[in-house]
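The values are calculated or read from the model by the stated rules, or taken from the named source; none is laboratory data. None of these values were measured; they are calculated from a predicted model. For neighbour counting, all protein chains shown are included, and Cβ atoms are generated from backbone atoms with ideal geometry for every residue, glycine included.
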Amino acid sequence: MMKNPTIDDVAKKAGVSKSTVSQYLNQRYKYMSEKTKLKIEGVIKELNFVPNNLARSLKQKRTSMVGVIVANIIYNISTHIVRGIEDEFQKSGIQVIICNADENPEKERNYIEMLKSRQVDGLLVFPTGKNVDLYNQLIDEKYPLVFLDRIVEGVAVQSILLDNEAAATMAVQEFIKNGHKKIGIITMPITSPHITPRIERLSGYKKALERNGLEIREDYIYNVPKEEIQNSVTSLLALSDPPTALLAANDIVLKEVLLAAKHNDITVPKDIAVIGIDDVSFARIHNPTITTVAQPAYEMGKTAARILLESIEKEKDITPITFRFPPTLKQGESV
């Protein structure tokens, strides 16, 4: 019976050292010539060599798997970030396990413990914010960890998110540029759970009004669950002095605002101007097209993957830094 070829056989046939073949298998090409890469690749195909991934992972103390825990997969931002994460890790031959916590701290805790038991090399988490003890335990254990889209008070970790205040400011400035002074905002609940983008976007909205000498009217501000958004739109417009412009603080809010407009014969922008934060595909096909403030979600995902990979490979403490990405205004006809 013919024995399976080994890494020794590949090295001898290619005329290189075992360590060079190992570097090739681990996609570490930094100091490897193109000629050597092609030579090893050719020999591997010729010998039909299949690397023993289990043995490699035991030797390296790595599994070439990472875990991604999404707070809620229904958010448009989540799917685009995860796509960037997957594409970036694919370059390094790393598999991604995706879990959806549904904004449930208990589910999040169970997923973290499950992924650790499967010995994933690191975690990318959209945190619910309710498992501070567990987050800090991971940090104390020097477990590679990156947060996405949110910051958790009392947890010093690498974090990737949009400059949310700048996004809200950009929307308010666009309204003002088009003559609007009475500007409302609808966000989803900001207190439980503590979700960074919602809090920061509301803060950015208020600061932008103040900087422009406009009144902050509490009756123009709604923080409500999805089920109450459509009623909130009609309540705003039923005020004796209603807003002429409305900022939808995320993609879910924007969708509900537009549904409210449809069901109540509200014309955008004639009856009320609308801008949404988080660019979504339906904004481009809606009539009229909706002006949005977009975040570079795909690039944010790729950056998060690169930061986690660096943490995994360097196996040393990395100074916790919050990376904020700038928003972009995408002009539509809704203002």
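Looking only at helices (runs of 4 or more DSSP H) that lie completely in the stretch 207-287, which have at least 2 residues being basic (Lys, Arg)?
Correct list: 251-263.
Here is a check on your reading of the model: is Ile199 in a helix (DSSP H, G or I), under 18 Å from the mean Cα position of the chain (by Cα) and either modelled with pLDDT under 95 or assigned by TED's automatic domain parsing to the domain that holds Thr234 (or both)?
Answer is yes for this residue.
From the list Thr244, Thr319, Thr328, pick out the single residue that is surrounded by fewer than 20 Cβ atoms within 10 Å (Cβ to Cβ), out of contact with any helix residue (DSSP H, G or I) (no Cβ under 8 Å at 6 or more places or on another chain) and free of Cβ contacts under 8 Å to residues at least 24 places away in the same chain. Give the steps one after another, and end with the answer.
Working: Thr244 fails: free of Cβ contacts under 8 Å to residues at least 24 places away in the same chain; Thr328 fails: free of Cβ contacts under 8 Å to residues at least 24 places away in the same chain.
Selected residue: Thr319, the only one of Thr244, Thr319, Thr328 that is surrounded by fewer than 20 Cβ atoms within 10 Å (Cβ to Cβ), out of contact with any helix residue (DSSP H, G or I) (no Cβ under 8 Å at 6 or more places or on another chain) and free of Cβ contacts under 8 Å to residues at least 24 places away in the same chain.
So for the stretch 85-100 (the condition being in contact with a Phe, Trp or Tyr (Cβ under 9 Å, 6 or more places away or on another chain) and buried (at least 20 other Cβ atoms within 10 Å of the Cβ)), does at least one residue qualify?
No; the residues of the stretch 85-100 include none that is in contact with a Phe, Trp or Tyr (Cβ under 9 Å, 6 or more places away or on another chain) and buried (at least 20 other Cβ atoms within 10 Å of the Cβ).
Looking at the stretch 1-48, which of the residues that are within 18 Å of Lys91 (Cα to Cα) and of a type in the set (Lys, Arg) is surrounded by the fewest Cβ atoms within 10 Å (Cβ to Cβ)?
Lys30
Name every residue in the stretch 169-191 that is without any contact (Cβ under 8 Å) to a residue 40 or more places away in the chain, more than 20 Å from the chain's Cα centre (by Cα) and outside any helix (DSSP H, G or I), in order of residue number.
Gly179, Thr191
So if I check each of Glu141, Glu113, Glu108, which one is free of Cβ contacts under 8 Å to residues at least 60 places away in the same chain and buried (at least 20 other Cβ atoms within 10 Å of the Cβ)?
Only one candidate passes the filter, namely Glu108.
Hey, among Ile285, Ile290, Ile318, which residue is under 24 Å from Met65 (Cβ atoms) and among the β-branched types (Val, Ile, Thr)?
Going through Ile285, Ile290, Ile318 in turn, just one is under 24 Å from Met65 (Cβ atoms) and among the β-branched types (Val, Ile, Thr): Ile318.
From (1) under 22 Å from Val152 (Cα atoms); (2) modelled with pLDDT of 95 or more, pick out the condition that doesn't hold for Pro243.
For Pro243, the exception is condition (1).
Please enumerate the residues belonging to the stretch 263-312 that are buried (at least 20 other Cβ atoms within 10 Å of the Cβ) and touching a Pro at 6+ places or on another chain (Cβ under 6 Å).
Val293, Gln295, Leu308, Ser311
Which condition does Leu259 not pass, out of (1) closer than 19 Å to Thr292 by Cα; (2) crowded, with 17+ Cβ neighbours inside 10 Å, if it passes all the others?
(2)
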